[in-house]
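Report on one structure; see the data block that follows.
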Amino acid sequence: MHSSAILRTTAAALALGALAACSSTPAPTEQMAVTRTTVTRVAAAPAVATSAPVDLQRAQEKLIQAEKSMADGDYKNARRLAAEAEVDARVAETRADAARNATNLAQVQDSIRALQEEINRRSPR
């Protein structure tokens with residue numbers, strides 16, 4: 001009888017400890033706000049939707065999951081998902097920038113080639 005009381009007391013203490021650990025994790029409200037802003041800003045750029053749609057979609061899905069975790073009180077998971085969503089949005093933005101830079105580079109190379117051809121045509125032989 002005595003050992004069952006100790007067992008119940010220990011179980012109750014462990015449950016309270018687990019609840020205290022969960023409640024001690026603060027809500028990631030600032031992280032969520034930064035992530036929402038980043039994902040919204042990146043999604044508004046037309047180049048991102050065409051150059052990195054998979055990364056953008058992944059960021060949006062993780063933000064939705066983070067908001068659900070936030071609503072459920074699972075702040076640790078919400079924080080992790082929000083951070084991942086922000087990274088995915090920045091990856092999408094970087095891919096779009098890289099695609100734009102590659103296009104610009106190709107245009108500059110074409111211009112250089114055309115100028116070189118013009119110089120070669122006009123040079124005395």
Worksheet entry | Residues of the range 52-84 satisfying the condition of being small (Gly, Ala, Ser), part of a helix (DSSP H, G or I) and either in contact with a Leu (Cβ under 7 Å, 6 or more places away or on another chain) or buried (at least 21 other Cβ atoms within 10 Å of the Cβ) (or both) | Ala59, Ala66, Ser69, Ala78, Ala82
Worksheet item: Of all residues in the range 82-115 being under 22 Å from Glu30 (Cβ atoms) and β-branched (Val, Ile, Thr), which is nearest to the chain's Cα centre (by Cα)?
Response: Val87
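Here, each number is a calculation from the coordinates, and none is a lab measurement. For clarity, every value in this text was computed on a predicted model and none was experimentally measured. Cβ coordinates were reconstructed from backbone atoms using ideal geometry, including for glycine residues, and neighbour counts include every protein chain displayed.
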